[in-house]
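Asks: Here you go, one structure.
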Amino acid sequence: MVRMSTRRYAIIGSGALGGLYGGMLAKSGFEVHFLLRSDFDHVQTNGLLVESVWGDFHLQHVNCHRSVESLPACDVTIVAIKTTHNQLLPSLLPSPTRNGGTVLVLQNGLNVEADSAAVVGIERVLGGCCFLCSNKIGPGHIRHLDFGRIVFGEYQEGQTGISDRAQAICDDLVAAGIDAQASDDLKMVRWRKLMWNIPFNGLSVVLNATTKEIVEHPESEALADAIIREVYAAAHACGANVPSEMIEKTMQTTRKMVPYDSSMRLDYLNQRPMEVEAIFGNPLRAACQRNAAMPKVEMLYQQLRFIDTMNQPK
């Protein structure tokens, strides 16, 4: 397939998110380079397998890299690792961004772009949220279950309208068959995603339940709804103009969602560190600075910090 642009992409974090979106770009003819660690040998030999609601595909030949030193300079570097690994960014980003490339941070949480900006400079960073149900189920094997929209924009405030580079990247993603939208209001996008991430990531761990189980039980459904409203109020206190209809839409979307284990619950079940600070701590601190109370969110945060500590392998 003929490539729609000459932009070269690097994928830092080739799991459920990076493997899907990077794979879609590569399948469509874009030059994509994947940084792989434990999966390197498997993907180099067997390729990347993606089962997706957008159509299954198998990339037999993948630009694999075991080390960032072999990554070429790229126009766009997509950061798709968990925020619990952001301490690695000073060693991961300089190589693919060495010629001034853009960094697109696709991570959960609030103000998570700051760690990438500290490495490459705030003016080179975009941030975005993925409304996605996808899991990595084996080496080089991604299963995309539902949804998949990316909404992203400039991290540096003061941008009027959608920037040219954000629109250009969006055009590439859309050309690759990805549901993507550029935005001129990243703050709103982040808080909008937190209205889902905070209740359903948190409750899925604390209640040991799937999203389907949470919305099908009256008490847990009511609790999720109350938390969504708490996050919505904090968002407005922090200057994020999330439309009010997003409260009910968040619940409606989750009711329609296929049975799904949140990323945080999967991390908990596999005894991996959970993204507690990015998804809970950062919004709580931002709300506290605006005197916006989030008592239910704060309780979830305290519970998750305890659970996360106790869950780590001894």
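The values are calculated or read from the model by the stated rules, or taken from the named source; none is laboratory data. Just so we're clear, the structure is a prediction, and the values are computed from it rather than from any experiment. Positions of Cβ are backbone-derived with ideal geometry, glycine not excepted, and every protein chain shown enters the neighbour counts. Areas reflect the complete protein model, heavy atoms only, side chains present, ligands, DNA and RNA absent. Shrake-Rupley method; radii C 1.70, N 1.55, O 1.52, S 1.80 Å.
Asks: Per residue of the chain, what 222 nm ellipticity follows from adding -39500 (n - 2.57) for every DSSP H run with n ≥ 4, rounded to the nearest 500?
Replies: Counting only the DSSP helices, I get -12500 deg cm²/dmol.
Asks: How much of the accessible area of the chain, in percent, comes from carbon and sulfur atoms when a 1.4 Å probe is used?
Replies: 51
Asks: For the chain, take the longest principal axis of its alpha carbons; what is the angle in degrees between that and the long axis of helix 246-256, to the nearest 10 within 0 to 90?
Replies: With rounding to tens, the tilt is 70 degrees.
Asks: Among the DSSP beta bridges whose two residues both lie in the chain, what percent are antiparallel, rounded to the nearest 5?
Replies: Close to 35 percent.
Asks: Let me ask you something else. Residues with amide H under 5 Å of residue 52's amide H, sequence separation 5 or more or different chain, H placed in the peptide plane at 1.01 Å from N; which?
Replies: Placed amide hydrogens put 57, 144 under 5 Å from residue 52.
Asks: Still on this model: With θ set to phi - 60°, apply the Karplus curve 6.51 cos²θ - 1.76 cosθ + 1.60 along segment 221-226 and write out the HN-Hα couplings as whole Hz, x wherever there is a Gly or Pro.
Replies: These are the phi-based 3J(HN,Hα) values: 5, 5, 5, 4, 4, 5 Hz.
Asks: Here's another thing I want to ask about it. Just to verify a number: FRET efficiency for residue 46 and residue 285, C-beta to C-beta distance, R0 = 45 Å, to 0.05?
Replies: Taking R0 as 45 Å, the efficiency between residue 46 and residue 285 is 0.55.
Asks: Under a 10 Å cutoff between Cα atoms, tell me which one of 41, 172, 164 has the largest fluctuation in the Gaussian network model of the chain.
Replies: Top of the fluctuation ranking is 164.
Asks: Here's a follow-up. If you roll a 1.4 Å probe over the heavy atoms of the protein chains, what accessible area per residue do you get for the chain, in Å²?
Replies: 44
Asks: Dipole size in debye (nearest 20) for segment 79-175 around its Cα centre, Lys and Arg Cβ +1, Asp and Glu Cβ -1?
Replies: For segment 79-175, the charge dipole is close to 400 debye.
Asks: Using a simple charge model, +1 on the beta-carbon of Lys and Arg, -1 on the beta-carbon of Asp and Glu, nothing else, what dipole does segment 213-266 show about its Cα centre, in debye to the nearest 20?
Replies: For segment 213-266, the charge dipole is close to 220 debye.
Asks: Pick from 119, 32, 276: which is most flexible by mean-square fluctuation in a GNM of the chain where alpha carbon atoms under 10 Å apart are linked?
Replies: 119
Asks: Same structure again: Under a 5 Å amide H to amide H cut-off, with H placed in plane at 1.01 Å, what residues pair with residue 10 once short-range neighbours are removed?
Replies: Sorted by chain and number, the residues that satisfy this are 33, 76, 77, 78.
Asks: Over segment 71-213, what relative contact order in percent results from Cα pairs under 8 Å that are six or more residues apart?
Replies: Averaging sequence separation for qualifying contacts and normalising by length gives 17 percent for segment 71-213.
Asks: Rounded to whole Hz and in sequence order, give me ³J(HN,Hα) for segment 86-94 from the Karplus expression 6.51 cos²θ - 1.76 cosθ + 1.60, θ = phi - 60°, writing x for Gly and Pro.
Replies: Along segment 86-94, the couplings run 5, 5, 8, 4, x, 9, 8, 8, x Hz.
Asks: Any idea what the dipole of the chain comes to, in debye rounded to 20, about its Cα centre with Lys/Arg Cβ at +1 and Asp/Glu Cβ at -1? Write down the numbers at each step before the final one.
Replies: Numbers: 29 positive and 33 negative charges, 73 e Å.
Dipole about the Cα centre, nearest 20: 360 debye.
Asks: Then there's this: From the cross-link list 136/212; 27/249; 193/314; 82/187, which pairs have alpha carbons spaced over 30 Å apart?
Replies: Among 136/212; 27/249; 193/314; 82/187, the Cα-Cα distance tops 30 Å for 27/249; 193/314.
Asks: Over segment 1-127, what is the percentage of antiparallel beta bridges among all DSSP beta bridges, to the nearest 5?
Replies: The antiparallel fraction comes to roughly 15 percent.
Asks: OK, next. Once you've got the GNM for the chain with C-alpha springs shorter than 10 Å, pick whichever of 51, 277, 248 has the biggest mean-square fluctuation.
Replies: Its mean-square fluctuation being the largest, the pick is 248.
Asks: Report relative contact order for segment 192-314 in percent, whole number only (criteria: Cα-Cα under 8 Å, sequence separation at least 6).
Replies: 35
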